[in-house]
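Student: Right, I'll just put the structure down here and ask away after.
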Amino acid sequence: MSQVMLIDDDPIIYDLTNRILKRTGCQVAWAKNGQDALVQLNDMDKLPDLILCDIMMPDMDGRQTLNAIRQNSRLRDLPVIILTAHDQLEHLQWAEDMDVAGYIVKPFHIQRFLEKVRQYLDLAPSDTA
């Protein structure tokens, strides 16, 4: 079973992504900000197969979180998809510079979301796709 960590302060986004991914047989861990994510990741015996990370969050935003992940030898190779409402060129360029696995703009189309996620996970078919 594939494991995903969602780093996003919005419980509605967690609920939506959790429901979508559960239908494909995926487990989702939720962190409400970067600090919470780093604590959870450091406590995990088995790391997630994929991280979905928002940019705008309290305490530690997505940029700081991704920098911390890339600087940690245990975490640096994890694929990270940015999941954000920001589609400005500045954010897209930053994501490209950070070598992220993908960039999904909220609100997203479920089928496109699953297409991007499926590139990194072995997901079962879903009636939402």
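The values are calculated or read from the model by the stated rules, or taken from the named source; none is laboratory data. Just so it is clear, the structure is predicted and the values come from calculations on it, not from any experiment. Note: ideal-geometry Cβ built from the backbone for every residue, glycine included; neighbour counts use all protein chains shown.
Every residue, every condition in (1) under 23 Å from residue 99 (Cα atoms); (2) out of contact with any strand residue (DSSP E or B) (no Cβ under 7 Å at 6 or more places or on another chain), yes or no:
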| site | (1), (2) |
| --- | --- |
| 15 | no, yes |
| 18 | no, no |
| 40 | yes, no |
| 52 | yes, no |
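Student: Could you tell me which residue of segment 20-51 is nearest to the chain's Cα centre (by Cα), considering only residues that are without any contact (Cβ under 8 Å) to a residue 60 or more places away in the chain and closer than 15 Å to residue 113 by Cβ? If you could, list the steps in order and put the result at the bottom.
Tutor: First pass over segment 20-51, keeping only residues without any contact (Cβ under 8 Å) to a residue 60 or more places away in the chain: 22, 27-48, 51.
Restricting the remaining residues to those that are closer than 15 Å to residue 113 by Cβ gives 22, 28, 51.
Working: 22: 15, 28: 10, 51: 3 Å.
Result: 51.
Student: Let me ask something else about it. Would you be able to tell me the number of residues in segment 1-41 that are surrounded by 22 or more Cβ atoms within 10 Å (Cβ to Cβ) and closer than 12 Å to residue 59 by Cβ?
Tutor: Selection size over segment 1-41: 4.
Student: Now for a separate question. What's the number of the condition residue 12 fails, among (1) touching a residue at least 24 places away in the same chain (Cβ under 8 Å); (2) more than 16 Å from residue 114 (Cβ to Cβ)?
Tutor: (1)
Student: Quick one: in segment 78-129, which of the residues that are loosely packed, with under 13 Cβ neighbours inside 10 Å and of a type in the set (A, V, I, L, M) is modelled with the highest pLDDT?
Tutor: So the residue we want is 89.
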